[in-house]
């Protein structure tokens, strides 16, 4: 069973290495070549095996620092769906590019790093997964090497990510010095009996972990790279960073803080609550001031990070933990679908109009009706409007905070509710521009079929999860229970 549990990881590793040489092979009448199909096949095998393991695994499988449990499989499924959507959307984007092999190979290897993060029960393995995820994304961000904006974005991303990696290494070394172990369960056991003499070093390690993870999670004030990276990178890679790398960083943070550090007698929940409120507030206010669609999506994704962070601000030792933590995991799923679709819609507009300035969205519903409808549904889902998927995950997060044992839990929920309502100001404003403003050009645009396939699939998921959320909520609750159960205390 242990070998079968590795199938998703092995699939991504093998096909990731095959994708680059496959880029040199071509179909007779197609410009795409074999690389994207190798990528899709590898992702499909990984996703099918992940779903199969979810239905057949009766107990977690642990070996060599890996733990394949329902939490691992939940995040793996989310990340693989994101990668499949990004790959399909990239078929259009990369059609004329001669470097398809490296592009899709890097995409697969980065996805491998992401699911390694979700499965890590050892800090050394977690760091390996972190770098395996990060290094390919630097190259993918700078893939348009003749574009100075792309190069500048990649450089900012690289510098801040290198800093986050260095801080994580320092945090890991401190934890090892305190506990003598890098395994999360052993760390939890040691920290539960730690004396006051190690408290300063433990607090420093917690701060370093928050900053290190915070860069990839794009929480304020470590969010500076996000707008430039999303605008400079290929649009589909913006989706990969926003919905893939970011959610993988949250998976790592959930593992480290809930499995390992929560046993330490330090109140980090209040810190996460403050960071959550600041992050969602700054993201929403900044999004309102943007003139570019991709930058608006960037700041919107920063705000969404604040909502997910609420799951780490609620102590899971209380009876309401499954609600707060499960709400965070459910929102990870919903956010990943919504944000991936939003960037694919941006790619569709950029492909046909060559710009993503918000003025180009005036009257877009008359020129690109399918894309406009998808954007409207996506934005309403991000705002948490029923009956779309974002509504129920936000309700779970807000309710979990209200029933927090801390007195500030209700204020956290109120701040999140106000921010969620405020986000409708820019979501609704753009919807109004698409449907009620006059376009500069009245001509109808042929919408790209590849992008439309992804957008319609995402739109169906958005409605399906929102209308019938029960199985998805149970899935998130099971993943949350598996995460808490992996502490071993």
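Across segment 161-180, what is the total count of residues that are closer than 28 Å to residue 485 by Cβ and in contact with a helix residue (DSSP H, G or I) (Cβ under 6 Å, 6 or more places away or on another chain)?
Result for segment 161-180: 7.
Would you point out which residue out of 364, 309, 296 is touching a residue at least 24 places away in the same chain (Cβ under 8 Å) and under 14 Å from the mean Cα position of the chain (by Cα)?
Of the residues listed, the single one that is touching a residue at least 24 places away in the same chain (Cβ under 8 Å) and under 14 Å from the mean Cα position of the chain (by Cα) is 309.
Regarding residue 435, is this residue over 19 Å from residue 278 (Cα atoms) and either crowded, with 20+ Cβ neighbours inside 10 Å or in contact with a strand residue (DSSP E or B) (Cβ under 8 Å, 6 or more places away or on another chain) (or both)? Let's see the steps before the verdict.
Values: over 19 Å from residue 278 (Cα atoms): yes; either crowded, with 20+ Cβ neighbours inside 10 Å or in contact with a strand residue (DSSP E or B) (Cβ under 8 Å, 6 or more places away or on another chain) (or both): no.
Judged against the criteria, residue 435 is not a match.
Considering each residue of segment 169-189, count those that are part of a helix (DSSP H, G or I) and touching a residue at least 60 places away in the same chain (Cβ under 8 Å), and give that number.
Of segment 169-189, the ones part of a helix (DSSP H, G or I) are 169-179, 184-189.
Next, only the ones that are touching a residue at least 60 places away in the same chain (Cβ under 8 Å) stay: 175, 184-185, 187-189.
So the answer is 6.
Filter segment 367-400 down to residues that are part of a helix (DSSP H, G or I) and over 22 Å from the mean Cα position of the chain (by Cα) and give me whichever is farthest from residue 438 (Cα to Cα). Even if it seems obvious, please write down each step before you answer.
Taking segment 367-400 and keeping what is part of a helix (DSSP H, G or I), we get 367, 369-383, 389-400.
Checking which are over 22 Å from the mean Cα position of the chain (by Cα) leaves us with 367, 369-373, 399.
Values: 367: 11, 369: 14, 370: 18, 371: 17, 372: 14, 373: 17, 399: 42 Å.
Per the stated criteria, the residue is 399.
In the set 30, 62, which member is modelled with pLDDT of 75 or more and either over 18 Å from residue 106 (Cβ atoms) or in a helix (DSSP H, G or I) (or both)?
After ruling out the rest, the residue left standing is 62.
Which one is nearest to residue 343 (Cα to Cα), of the residues in segment 223-233 that are surrounded by 24 or more Cβ atoms within 10 Å (Cβ to Cβ) and more than 16 Å from the chain's Cα centre (by Cα)?
233
Look at segment 224-280 and say how many of its residues are more than 22 Å from residue 329 (Cβ to Cβ), touching a helix residue (DSSP H, G or I) at 6+ places or on another chain (Cβ under 9 Å) and not in a helix (DSSP H, G or I).
6
Among 107, 112, which is the only one that is crowded, with 21+ Cβ neighbours inside 10 Å, modelled with pLDDT of 90 or more and farther than 14 Å from residue 249 by Cα?
Details: 112 fails: farther than 14 Å from residue 249 by Cα.
After ruling out the rest, the residue left standing is 107.
Looking only at segment 456-479, count every residue that is in contact with a helix residue (DSSP H, G or I) (Cβ under 7 Å, 6 or more places away or on another chain) and either surrounded by fewer than 19 Cβ atoms within 10 Å (Cβ to Cβ) or within 23 Å of residue 381 (Cα to Cα) (or both) and tell me the total. Give the steps one after another, and end with the answer.
Of all residues in segment 456-479, those in contact with a helix residue (DSSP H, G or I) (Cβ under 7 Å, 6 or more places away or on another chain) come to 458-459, 461-462, 465-466, 469, 472-473, 475-479.
Going one step further and asking which of them are either surrounded by fewer than 19 Cβ atoms within 10 Å (Cβ to Cβ) or within 23 Å of residue 381 (Cα to Cα) (or both), we end up with 458-459, 461-462, 465-466, 469, 472-473, 475-477, 479.
Of the residues in segment 456-479, 13 are in contact with a helix residue (DSSP H, G or I) (Cβ under 7 Å, 6 or more places away or on another chain) and either surrounded by fewer than 19 Cβ atoms within 10 Å (Cβ to Cβ) or within 23 Å of residue 381 (Cα to Cα) (or both).
Pull out all pairs, ordered by first then second residue, where Cβ-Cβ is under 8 Å, the residues are six or more apart or on different chains, the first lies in segment 457-469 and is touching a residue at least 40 places away in the same chain (Cβ under 8 Å) and on the phi < 0 side of the Ramachandran plot, and the second is surrounded by fewer than 20 Cβ atoms within 10 Å (Cβ to Cβ) and assigned to a loop (DSSP other than H, G, I, E, B).
So the pair list comes out as 463/387; 466/386; 466/387; 467/387.
Evaluate the following for residue 350: is it assigned to a helix (DSSP H, G or I), within 22 Å of the chain's Cα centre (by Cα) and either modelled with pLDDT under 90 or surrounded by 18 or more Cβ atoms within 10 Å (Cβ to Cβ) (or both)?
Working: assigned to a helix (DSSP H, G or I): yes; within 22 Å of the chain's Cα centre (by Cα): no; either modelled with pLDDT under 90 or surrounded by 18 or more Cβ atoms within 10 Å (Cβ to Cβ) (or both): yes.
Judged against the criteria, residue 350 is not a match.
In this structure, is residue 63 surrounded by fewer than 24 Cβ atoms within 10 Å (Cβ to Cβ) and out of contact with any helix residue (DSSP H, G or I) (no Cβ under 7 Å at 6 or more places or on another chain)? Spell out how you get there, then give the answer.
Values: surrounded by fewer than 24 Cβ atoms within 10 Å (Cβ to Cβ): yes; out of contact with any helix residue (DSSP H, G or I) (no Cβ under 7 Å at 6 or more places or on another chain): no.
Here the answer is no, as residue 63 does not meet what is asked.
Which of the residues that make up segment 439-489 are outside any helix (DSSP H, G or I) and within 30 Å of residue 95 (Cα to Cα)? Reasoning before the result, please.
So in segment 439-489, the residues outside any helix (DSSP H, G or I) come out as 439-448, 468-469, 486-489.
Across segment 439-489, the qualifying residues are 439, 440, 441, 442, 443, 444, 445, 446, 447, 448.
Can you tell which of 165, 161 is at pLDDT below 90 and within 30 Å of residue 69 (Cβ to Cβ)? Walk me through how you get there before you give the answer.
Working: 165 fails: at pLDDT below 90.
After ruling out the rest, the residue left standing is 161.
Report whether or not residue 448 is surrounded by fewer than 17 Cβ atoms within 10 Å (Cβ to Cβ) and at pLDDT below 90. Spell out the reasoning first.
Numbers: surrounded by fewer than 17 Cβ atoms within 10 Å (Cβ to Cβ): no; at pLDDT below 90: yes.
Taking the combined requirement at face value, the residue does not satisfy it.
Any residue in segment 192-201 that is buried (at least 19 other Cβ atoms within 10 Å of the Cβ), assigned to a helix (DSSP H, G or I) and either touching a helix residue (DSSP H, G or I) at 6+ places or on another chain (Cβ under 6 Å) or at positive phi (or both)? Can you show your working first?
In the first step, residues of segment 192-201 are kept if they are buried (at least 19 other Cβ atoms within 10 Å of the Cβ); the result is none.
Checked segment 192-201: no residue is buried (at least 19 other Cβ atoms within 10 Å of the Cβ), assigned to a helix (DSSP H, G or I) and either touching a helix residue (DSSP H, G or I) at 6+ places or on another chain (Cβ under 6 Å) or at positive phi (or both).
The values are calculated or read from the model by the stated rules, or taken from the named source; none is laboratory data. A quick note: this is a predicted structure, and the numbers were derived from the prediction, not measured. Cβ: placed from backbone, ideal geometry, glycine included. Neighbour counts: every protein chain shown.
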